[in-house]
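Visitor: I am attaching a structure below and will ask some questions about it afterwards.
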């Protein structure tokens, strides 16, 4: 059951987000994790992300229209230190 839920979250939420966010200028890589109705997406930008990039990602997420059966309960976008 949990595997089916993760697959549905991947199809209905993570995949549409990835398709939208990969189009942003400077994006070099996107990785996502889904678990128990939760999606975590990490985006890497060429030369590192800026506060402007965070605002652009937030705006793009707000504009995205998801499947009608998807209920988003919270969203967080933040700038994390680059991974080495």
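Rule-based calculations on the coordinates, nothing more; no lab input. Predicted model, so just to flag it, every value in this text is computed and none were measured. Here the Cβ positions follow ideal geometry from the backbone for every residue, glycine too, while neighbour counts run over all protein chains shown.
Visitor: Tell me which of these residue 9 doesn't satisfy, since it passes every other one: (1) under 10 Å from the mean Cα position of the chain (by Cα); (2) touching a residue at least 12 places away in the same chain (Cβ under 8 Å); (3) part of a helix (DSSP H, G or I).
Guide: Status for residue 9: all satisfied but (1).
Visitor: Which pairs turn up if I take residues in region 73-84 that are free of Cβ contacts under 8 Å to residues at least 40 places away in the same chain and look for partners that are loosely packed, with under 10 Cβ neighbours inside 10 Å and outside any loop (DSSP other than H, G, I, E, B) with beta carbon separation below 7 Å, at least 6 apart in sequence or on another chain?
Guide: Final answer for the pair search is 79/51.
Visitor: Check residue 26 against each of (1) at positive phi; (2) loosely packed, with under 14 Cβ neighbours inside 10 Å and name the one condition it does not meet.
Guide: (2)
Visitor: So which residues in region 39-55 are loosely packed, with under 14 Cβ neighbours inside 10 Å and under 12 Å from the mean Cα position of the chain (by Cα), if there are any at all?
Guide: Matches in region 39-55: 40, 42.
Visitor: Restricting the search to region 59-84, which residues are over 28 Å from residue 4 (Cα atoms) and either under 11 Å from the mean Cα position of the chain (by Cα) or not in a loop (DSSP other than H, G, I, E, B) (or both)?
Guide: 59
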